[in-house]
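Working notes, structure below.
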């Protein structure tokens, strides 16, 4: 690759900083892309973060006055829903690996028009259905902090690429924690925005019934804020007109310090009643720092019925998986054996779910919204660990042989209604939620949430602190993250093994 000094100079700047260099004529767009590709060539064989190379598309329309905010900055899309016309979006599935997208997604258009140089797509679990990134079609993505461990999921490929210094920030999405989980596992900042702030379309409506959103994982808070300025705002086919957006923009809002906040802290979870000591340490570290900064932190019980919330989440998720499989079969013409066994089980459970149970799960979200709203009447934010454990090892959730045999028998018998009463479902719950029980709350309620990288284990693995705010508090969450970033900088803390 180019010289070590060139790479260090590249890595020492965030996306906003790199764009400033391009505008000032200090570096050419082609040079930045060359640095990103050289770094990818060096580390991607070990990490498996990028699964498809892309010829950079051109921005549409004339350059706006003042230039494009991210002009020349190398960028990676997530290989799930983030369509680029003519390029396959596999969703981590063999069934869609070679099916080109018919049109470009709205968020991808906005990224390209902002000046970002898209040169690849990143790994994702099949249909984004897990908190790890180990699809059969591409193989596992590995964590730059320790390649024996997962970078999380489902935006694990993007997070690994950012942590390894291939790009300063990368595209991500979040339907149950898929921005915040990999941000936590890779020592990055991640924001899941309020429902409706970032539009979907034109091919997709609201994935997961409005619980999912696009976004980025980044090394700096200001990159995420500036990206949100690019992405926010509805289109003619949007379901919502977002309210509560800062008039001056999210990046400008970072100039203000957050007001003194009252924050409720909890690590309780009925899904994982005994979180890892390092998860508790991450929250306690954050609480101590918040107190030093003048905020009030109070330990509180979990503000919602999280067992019911998990049930509602998984019911919706299984039905969504059934729809995803059906759509992929229609597009590809392939059969059931084109999908991973776990995906087939989830789809079978989804098909076996009655319409009544599905509607009840969707309507149940309102009760979670009400309980969280009542909590936010007393507390500005909820603080939890982002994950209940440090990043697990690669392969930690592989099915035991006896359950895998049972899985094959029941799938062959098409016994979807029986599946829910077998150990397979317990395994799926453990695999999907056991180490990540805190993140689905923000998705089902449509509230914004961040993962802030404030803690590393003695073994050198990151684990984040999650903040959940009321609807429309995205700017406040960014302001608090910026304050924490200044008080406990994480920028210079980078993996040394890759």
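Assorted remarks:
- In terms of overall dimensions, the C-alpha atoms belonging to region 23-77 reach 42, 24, 14 Å along their principal axes, ordered largest to smallest.
- As an equivalent ellipsoid, region 169-278 spans semi-axes of 25, 20, 15 angstrom, where each value is the square root of five times an eigenvalue of the C-alpha gyration tensor, largest first.
- Ranked from largest, the principal axis spans of the Cα set of region 1-116 equal 44, 39, 17 Å.
- Ranked list, fewest to most other Cβ atoms within 10 Å of each Cβ, for 387, 235, 147: 235, 147, 387
- Amide N proximity, region 303-326 versus residue 357 label position 7 Å along Cα-to-Cβ, cut-off under 11 Å: 315-316, 318-319
- Among (i) 25, 60, 14, 0; (ii) 20, 43, 25, 9, 3, 0, 0; (iii) 20, 49, 24, 7, 0, the entry that matches P(r) over Cα pairs in 20 Å bins from 0, in percent as calculated here: (i)
- Model label sites at residue 8 and residue 248, defined 7 Å from Cα along the beta-carbon direction, differ in position by 3.7 nm.
- Counted by neighbouring Cβ atoms within 10 Å, the residues 366, 455 run from fewest to most as 366, 455.
- Estimated distance in nm for a label pair at residue 298 and residue 239, the labels positioned 7 Å out from Cα along Cα-to-Cβ: 3.4 nm
- Spin-label zone in region 62-94 - amide nitrogen under 18 Å from a point set 7 Å from the Cα of residue 23 along the C-beta vector: 62-74
- Cα centroid separation, region 41-63 to region 173-237 (Å): 19 Å
- Summary of the geometry: region 317-382 and region 238-270, compared by the centres of their Cα atoms, lie 27 Å apart.
- Ranking of 27, 181, 394 by count of other Cβ atoms within 10 Å, fewest first: 27, 394, 181
- Fully extending the segment from residue 262 to residue 326 would add 18.4 nm, taking 0.36 nm per residue of separation and subtracting the current Cα-Cα distance.
- When the helices of the chain are scored as -39500 (n - 2.57) per DSSP H run of n ≥ 4 and the total is divided over every residue, the value at 222 nm lands at -11500 deg cm²/dmol.
Each reported figure results from applying straightforward, stated rules to the coordinates on display, with no laboratory input. All values derive from a computational prediction rather than experimental measurement. Methodologically, a virtual Cβ is constructed for each residue, glycine included, from the backbone with ideal geometry; neighbour enumeration extends over all protein chains shown.
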